[in-house]
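Rule-based calculations on the coordinates, nothing more; no lab input. Note that this is a predicted model, so its numbers are computed, not measured. As a convention, Cβ positions derive from the backbone with ideal geometry for all residues, glycine included, and neighbour counts pool all protein chains shown.
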Amino acid sequence: MSSGLRHNSSKLVWLMLAGVMLGLGGFGVSNFGSSLSTIGSVGDKDITINDYALALRSEMNATSQQLGQNLTMEQARAMGIPQRVQAQLFTAAAFDNEAARIGLSVGDAEVRRRIMSLKAFHGVDGSFNRDTYKMLLQQNGLTETRFEADQRAEAARTLLQSALIGSTAAPEDFVATTTAWAHQKRDFTVGRIAASDLAEPVPAPKEADIKAYYDAHPEAFTRPETRRITYIWLTPEMLKDKVEVDQKALQDAYQARLSEYVTPEARMVERLVYPTEADAAAAKARLDKGEATFETLVNERGLTLADIDLGEVTEADLGAAGKAVFALTEPGVVGPLPSDLGPALYAMNGIIAAKNASFDDAQEDLKQGVALDRARRKILDETSNISDLLASGASLEEVAKETGMEVGTVAYNSESEDGIVGYESFRKVADSVTADSFPEVADLEDGGIFALRLDGIDPPAVKPLDEVRDKAAEEWTKAETHKRLQAMAEEAKAKISAGSSLESLGLITTAYKGLVRDGFIEGISPAVVQKIFGMAPGTTEVFEDGTVFNVVKMTNVMDADPADPELAQSVAQLQAQAAQSLAGDMLQLFTESLQANAKITVDQSAIEAVQAQIQ
């Protein structure tokens, strides 16, 4: 059946309209008890549960074919498929309602022409076959009257849509100005000034220099608010050498983790499914001739490499295709070969050797794992006792002495990162603890536990110079180097303005001819390249780029060449894109108007009932 504009209208139109209706939120939607006959309506146009079920199944089947796996309803919900289908159906109903309101329709001849042109109804001779027509409608639970009514409505929607967007065109001035700007070129010369170009290295700072920089930049040497914290903690790593591990435990662990130590040979594989064997063979032929890459073939199917990635698979995982894929001794593509979803090409990207580690080989690794696991259990057993001690009023130091936990202190702030501060769970508690907080046992990410006490909070303060002397000296050197390089660059600019050439200044220079606006210059950031394109002919500018200063002399600005075939191609592309954008905007505004003027109802229970049937 027809499911609205989706099947016979442009994809762009549907994307714009579905975007407007997605979620059906904010447009006066109301909910009613389910009659299990419709999922809702727009004005006088109902959307039947059969319409929704068929459209939803169709969309899920199409997505399953693209991804190479059968979708469950849960996966479809996660991908937003039900919402997208609902948006399409409600938008189509809005157009149907408007077409009926203004009396827009088509005659029987147009309906007949549309039906007879559908290839699904053609027989072996390539012409319309009435028996095939009846059979397919019956298989889909449709009557001729209903299907022909759907075709009539779809034709009316197409007329309404065409009237809206048929005459949209991009403004000529916009297209001409934009493409001319994009295709301008520049000739210029760049002289780069780095620290190695200074006449002499920046000397080590004197004590007065360090002190002056320290005094002028207190923010660089300010310690953030610091919390003085006492803590006790116990981790599996602390206990692992104190627990006993017997051979039986190691044997049991080996059997439980056997799949880690004994694994069959595997391959990294991508699978690209095609509708028919002929399609897959034609694609493989293009690949073999070098007419297309595997990624190109994937993109042509509307997919990405991530969509078709099977990950690590064994020969058995691939079924009938396994032998041919595993026969490859280096990365390559084989096929067509069978798959559960149809003929496919298989790209093998890596070989993973089989593993066969014996118990003796794995024993040391097993011992570490079993010891840590037993240590975690020992900590878990002790947690209740430690909590009781804290609840009884014992101090952290007393608890540590009685239980063997380690006690420590830390000056904690945003710069801290070592030891227990590396645990996110500790940082979370440390950030929120107050002087009135009662120490409580909390878990660490590795199975350990801790408890802490806030001893005090020190406000932000400038660190003593003796503590940051090396950093202050380093920062002074950077600042002094920057100052000297900037002065050297400005001096070079002044000399060029006075008549000297950039090349005569003793700098390493590079001349660029015909650079396009989005061109790449090694060693110069795109941001600086864009600044260069803002220069006028004959001017000289200095652009800082990290630790380097670029002295740029602009020699020529070239407008776009009207005879450049790339310009003509850009004009055509921009005209098409702008026209599509305008058409989309017009459709969106029109659809919003329809929604504002026609009452929309949604029966959520009916929607959920349909989805439950497709689980």
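Between residue 428 and residue 536, how high is the FRET efficiency from 1/(1 + (r/R0)^6) when r is the Cβ-Cβ distance and R₀ = 51 Å? Nearest 0.05. The formula returns an efficiency of 0.35 here. Across all C-alpha atoms in the stretch 84-218, the radius of gyration and Dmax reach 35.3, 100 Å. For the stretch 430-498, the dipole from Cβ point charges (+1 on Lys and Arg, -1 on Asp and Glu) about the Cα centre works out to 900 debye, to the nearest 20. Under the combined filter of DSSP loop state and at most 13 neighbouring Cβ atoms within 10 Å, the stretch 254-334 retains these GluC sites (Glu not before Pro): 265, 291.
Under a Cβ-only charge scheme (Lys and Arg +1, Asp and Glu -1), can you give me the dipole magnitude of the chain about the Cα centre, in debye to the nearest 20?
Approximately 2200 debye in magnitude.
Straight-line reach from residue 240: taking Cα to Cα under 20 Å and skipping same-chain neighbours fewer than 8 places apart, the lysines in range are 248, 367, 378, 401. Out of 563, 135, 193, whose Cα points farthest toward the positive end of the dipole of the chain (charges: +1 Lys, Arg; -1 Asp, Glu; placed on Cβ)? It is 135. Note on residue 323: lysines with a C-alpha under 29 Å away, same-chain residues under 8 apart excluded, are 284, 289, 355. When the square roots of the Cα gyration tensor eigenvalues are ordered a ≥ b ≥ c, the ratio a/c for the chain is 1.5 or more and a/b does not exceed b/c, which makes its shape oblate.
Taking 0.36 nm per residue of separation and subtracting the Cα-Cα distance, full extension of the segment from residue 216 to residue 474 would add 91.4 nm. Working from label points 7 Å from Cα in the Cα-to-Cβ sense, the residue 385 to residue 248 distance is 2.4 nm. For the chain, what is the mean residue ellipticity at 222 nm derived from helices alone (per DSSP H run of n ≥ 4: -39500 (n - 2.57); sum divided by total residues; nearest 500 deg cm²/dmol)? It comes out at -15500 deg cm²/dmol, rounded to the nearest 500.
The GluC sites (Glu not before Pro) of the stretch 456-537 that DSSP puts in a loop, and whose beta carbon has at most 16 other beta carbons within 10 Å, are 522. Distance between the 7 Å Cα→Cβ label points at residue 354 and residue 196: 5.4 nm. Here's the picture: charge each Lys and Arg Cβ at +1 and each Asp and Glu Cβ at -1 in the chain, and of 82, 226, 324 the one pushed furthest to the positive end of that dipole is 82. Shape analysis of the stretch 265-353 places it in the prolate category; the axes a ≥ b ≥ c from the Cα gyration tensor give an a/c of at least 1.5, with a/b above b/c. Need one number: the % of Cα-Cα pairs in the stretch 356-456 sitting beyond the 19 Å mark. Considering the stretch 356-456, 53 percent of its Cα-Cα pairs are separated by more than 19 Å. Cross-link partners of residue 185 among lysines, defined as those whose alpha carbon lies under 16 angstrom from its own and excluding same-chain residues fewer than eight positions apart: 513, 531, 553.
Relative contact order of the stretch 462-615: 15 percent, from C-alpha pairs under 8 Å at least 6 residues apart in sequence. Look at the Cα gyration tensor of the stretch 194-256: its axes a ≥ b ≥ c give a/c of at least 1.5 with a/b over b/c, and that counts as prolate.
The dipole here belongs to the stretch 265-353: it is taken about the Cα centre, uses +1 on the Cβ of Lys and Arg and -1 on the Cβ of Asp and Glu, and is about 220 debye. When you restrict to C-alpha pairs under 8 Å that are six or more residues apart and normalise by the size of the chain, the relative contact order lands at 29 percent.
Could you line up 192, 57, 267 from fewest to most neighbouring Cβ atoms inside 10 Å?
57, 192, 267
Sorted ascending by nearby beta carbons within 10 Å, beginning with the fewest, 387, 358 become 358, 387. Going from the residue with the fewest nearby Cβ atoms within 10 Å to the one with the most, 188, 174, 95 rank 174, 188, 95.
Could you grab the relative contact order for the stretch 265-353? Cα pairs under 8 Å, six or more apart, rounded to a whole percent.
Over the stretch 265-353, the number comes to 48 percent.
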